[in-house]
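Inspection log for the structure reproduced underneath, given as structure tokens.
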Amino acid sequence: MNYDRYNLLVVDNNPYVAGILAKTLESDFNITVVDNGQDAARLLVRGDRFDCILTELELPQFNGLDITKLVRTNRLLRHTPIVVLSSATDSNTRIDCLEQGVDHFISKPFNPLEVKARLRAVLRRAAIPINDDRERFASSTKRSALHPLQQLKSRILSILL
């Protein structure tokens, strides 16, 4: 596994679509492909870490929205960006997906290069650092968030004392 690239989970029950996505995205991402929502859920619950999830909406039994609900209700996973692919054309479906926690909706048919660009944009907005500096980034972010509070506390104490 190349640690200088994002880890992407691709969930699609159509082997042709999954193959095109894997071939297009393999130069920029470490890709794990599964063909159903149950296997995706198993990987996520098992603790496999993904920087982004790209899933088909219409999957049998455990669909793209079920995956979204699983991710959004898990404390460790809830910030993972989710991009949904779907042939649904009605705006109500897209709205429902976005309201339930999907970060981006891509309609089929799609241009695989556009999918790659959209994934990069979603990850850029999520500001997820690449490679093993993730933990260091997370801890430094917590410290920097506390820093202004420490300054405020010091100012209040200096005024009171």
For the stretch 33-40, what does the Karplus curve 6.51 cos²θ - 1.76 cosθ + 1.60, with θ = phi - 60°, yield as ³J(HN,Hα) per residue in whole Hz, taken in order and with x for Gly and Pro?
10, 10, 9, 7, x, 5, 5, 4
Long-range amide H partners of Asn36 with built H, under 5 Å:
Asp12
Provide the per-residue ³J(HN,Hα) series for the stretch 75-85, in order, calculated from phi with Karplus coefficients 6.51, -1.76, 1.60 and θ = phi - 60°, each as a whole number of Hz, with x at glycine and proline positions.
4, 7, 9, 4, 8, 5, x, 10, 10, 10, 9
Taking the mean number of other Cβ atoms within 10 Å as a proxy for protection, how do you rank 4-11, 105-112 from highest to lowest?
4-11, 105-112
Taking K and R as +1 and D and E as -1, what net charge do the other residues with C-beta under 13 Å from the C-beta of Ser86 add up to?
-3
Can you put Thr32, Thr68, Thr89 in order, fewest other beta carbons within 10 Å first?
Thr89, Thr32, Thr68
Going by amide H atoms built from the backbone, whose H comes under 5 Å of the H on Ile106, apart from near neighbours?
Val84, Leu85, Ser86
Using θ = phi - 60° and the Karplus relation 6.51 cos²θ - 1.76 cosθ + 1.60, list the HN-Hα couplings for the stretch 107-121 in order, rounded to whole Hz, with x at every Gly or Pro.
7, 8, x, 10, 8, x, 5, 5, 4, 4, 5, 5, 4, 4, 5
Within 10 Å of each candidate Cβ there may be at most 11 other Cβ atoms; applying that plus a DSSP loop requirement, which trypsin sites (Lys or Arg not before Pro) in the stretch 19-115 survive?
Arg75, Arg78
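A short reminder: the numbers here are calculations on the coordinates, not readings from a lab. All values reported here derive from a predicted model rather than from experimental measurement. All Cβ positions, glycine included, derive from the backbone under ideal geometry; neighbour counts span all protein chains shown.
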